[in-house]
1. Within the stretch 137-149, does at least one residue satisfy the condition of being assigned to a helix (DSSP H, G or I) and out of contact with any Phe, Trp or Tyr (no Cβ under 9 Å at 6 or more places or on another chain)?
2. Is it the case that the stretch 58-72 has a residue that's of a type in the set (A, V, I, L, M), more than 16 Å from the ligand (Cβ to nearest atom) and either over 17 Å from Ala137 (Cβ atoms) or at pLDDT 95 or above (or both)?
3. Answer yes if at least one residue in the stretch 117-128 is closer than 25 Å to Tyr258 by Cα and in contact with a Lys or Arg (Cβ under 6 Å, 6 or more places away or on another chain), and no otherwise.
4. Say whether the condition of being assigned to a loop (DSSP other than H, G, I, E, B), in contact with a Phe, Trp or Tyr (Cβ under 9 Å, 6 or more places away or on another chain) and among the small types (Gly, Ala, Ser) is met by at least one residue in the stretch 77-88.
5. Given the conditions (1) more than 12 Å from the ligand (Cβ to nearest atom); (2) touching a residue at least 60 places away in the same chain (Cβ under 8 Å); (3) within 15 Å of Gly113 (Cβ to Cβ), report the number of the one that Gly156 does not fulfil.
6. Being open to solvent by less than 40 Å² (accessible area, probe 1.4 Å) and more than 13 Å from the ligand (Cβ to nearest atom) is the filter here, so list the residues in the stretch 81-111 that pass it.
7. From the list Asp68, Asp43, Asp78, Asp14, pick out the single residue that is surrounded by 20 or more Cβ atoms within 10 Å (Cβ to Cβ) and among the acidic types (Asp, Glu).
8. For residues that are among the aliphatic types (A, V, I, L, M) and within 16 Å of the ligand (Cβ to nearest atom), scanning just the stretch 160-182, find the one that is farthest from the chain's Cα centre (by Cα).
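The values are calculated or read from the model by the stated rules, or taken from the named source; none is laboratory data. Just so we're clear, the structure is a prediction, and the values are computed from it rather than from any experiment. Neighbour counts run over all protein chains shown; Cβ positions are idealised from the backbone, glycine included. Quick note on the areas: whole protein, heavy atoms, side chains included, nothing else; ligands and nucleic acids left out. Shrake-Rupley method; radii C 1.70, N 1.55, O 1.52, S 1.80 Å.
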Amino acid sequence: MRALGAETRVDETDLIAPLFVREGIAERIEISSLPGVYQDTRDSLRREVVSLAEMGVRAIMLFGVPADKDPEGSGAFDPEGIVQVALADLRAEVGDDVVLIADLCVDEYTSHGHCGIVRDDGTVDNDATLELYARAAVAQARAGAHMVAPSGMMDGQVGVIRAALDGAGYAETPILAYSAKYASGLYGPFRDAVDVSIVGGGDRKAYQQDPRNAREAIVETLADLAQGADMVMVKPAVAYLDIVSEIRRQVDVPLAAYHVSGEYSMLKAAAANGWIDHDVVADELLTSIKRAGADLILTYLTRWFAERAAGRSLDT
Ligand code: PBG
């Protein structure tokens, strides 16, 4: 009876698995601050995506960890860069059965750890950075990404990427914009996952949003849509459900929310200590994100969720 009246349902097809591929390792490595999440090799990544697909997961978001970093983050647009070669592998393996979304930023590839070109005074040059993003978008589409997801929060990035994709013959490659992305402490474990530390103990407050601001998220989201975003995202998720809910009211495109690394780690750590029940809380968190209005959830819980769902369907 309770299920009959339930207003919200989470399905594995709502979930997008963030995955990491690392150059130059022989075996996949578990990320210590993200238990159950790995830096994959090209081969182990292929196996992971096939296995997720078999359990009904429809999409993944790919991040690359290059062996070498430089000030421009050239691994983000080098056709031989780790993410590009891994995208090509995956496209050959799964075709169109899984939507391959490429995170589009340069911070995993820059020696200083910022999401763009850094000027001599240490600040990030917004407009010079846009050109790198345009190159990365085309490289990712060419390698086989079905969709690109700009996460750097530079002003004007969606418009520049749209124009670059259109100009290179990828007019049909959509953009999932990280539209309302906050300067959050909850990204800590992710930075272990991609081996990023921002030079001089810096932060991203100059380009990511201030957690104190809600109206600004609407401005950012509407700007991305005006520039051609096809789907939009709020990030982090659970600490920003008011933003998810407000954006849901204002836009009609698919809305994603990113349940980020720190949100996942807090759950895992508390559960490992026996302080909370992992499965009950994981379901509650994912349900809450959907209840607030997200259509899609990027979450490191995807494998756990899909395994359980697959086990259930085998039982029945
Ligand atoms: C930037 C990017 C970040 C995350 C996704 N894309 C890190 C940042 O902005 O510092 C964080 C994801 C997470 O914490 O799970 N390329």
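1. Our first condition is that a residue be assigned to a helix (DSSP H, G or I); within the stretch 137-149, this holds for 137-143.
Then drop every residue that is not out of contact with any Phe, Trp or Tyr (no Cβ under 9 Å at 6 or more places or on another chain), which leaves 143.
Yes, some residue in the stretch 137-149 is assigned to a helix (DSSP H, G or I) and out of contact with any Phe, Trp or Tyr (no Cβ under 9 Å at 6 or more places or on another chain).
2. Of the stretch 58-72, the ones of a type in the set (A, V, I, L, M) are 59-62, 65, 67.
Those left that are additionally more than 16 Å from the ligand (Cβ to nearest atom): 67.
Remaining after also requiring either over 17 Å from Ala137 (Cβ atoms) or at pLDDT 95 or above (or both): 67.
For the stretch 58-72, residues of a type in the set (A, V, I, L, M), more than 16 Å from the ligand (Cβ to nearest atom) and either over 17 Å from Ala137 (Cβ atoms) or at pLDDT 95 or above (or both): present.
3. No, the stretch 117-128 contains no residue that is closer than 25 Å to Tyr258 by Cα and in contact with a Lys or Arg (Cβ under 6 Å, 6 or more places away or on another chain).
4. yes
5. Among (1) more than 12 Å from the ligand (Cβ to nearest atom); (2) touching a residue at least 60 places away in the same chain (Cβ under 8 Å); (3) within 15 Å of Gly113 (Cβ to Cβ), the lone unmet condition for Gly156 is (3).
6. Initial filter on the stretch 81-111 (open to solvent by less than 40 Å² (accessible area, probe 1.4 Å)): 81-87, 89-90, 94-95, 98, 100-110.
Correct list: Gly81, Ile82, Gln84, Val85, Ala86, Leu87, Asp89, Leu90, Val94, Gly95, Val98, Leu100.
7. Working: Asp68 fails: surrounded by 20 or more Cβ atoms within 10 Å (Cβ to Cβ); Asp43 fails: surrounded by 20 or more Cβ atoms within 10 Å (Cβ to Cβ); Asp78 fails: surrounded by 20 or more Cβ atoms within 10 Å (Cβ to Cβ).
Exactly one of Asp68, Asp43, Asp78, Asp14 is surrounded by 20 or more Cβ atoms within 10 Å (Cβ to Cβ) and among the acidic types (Asp, Glu), namely Asp14.
8. Of all residues in the stretch 160-182, those among the aliphatic types (A, V, I, L, M) come to 160-161, 163-165, 168, 171, 175-177, 180.
Cutting the leftovers down to within 16 Å of the ligand (Cβ to nearest atom) gives us 161, 175-177, 180.
Working: Ile161: 17, Ile175: 12, Leu176: 10, Ala177: 10, Ala180: 13 Å.
Checking each candidate, the answer is Ile161.
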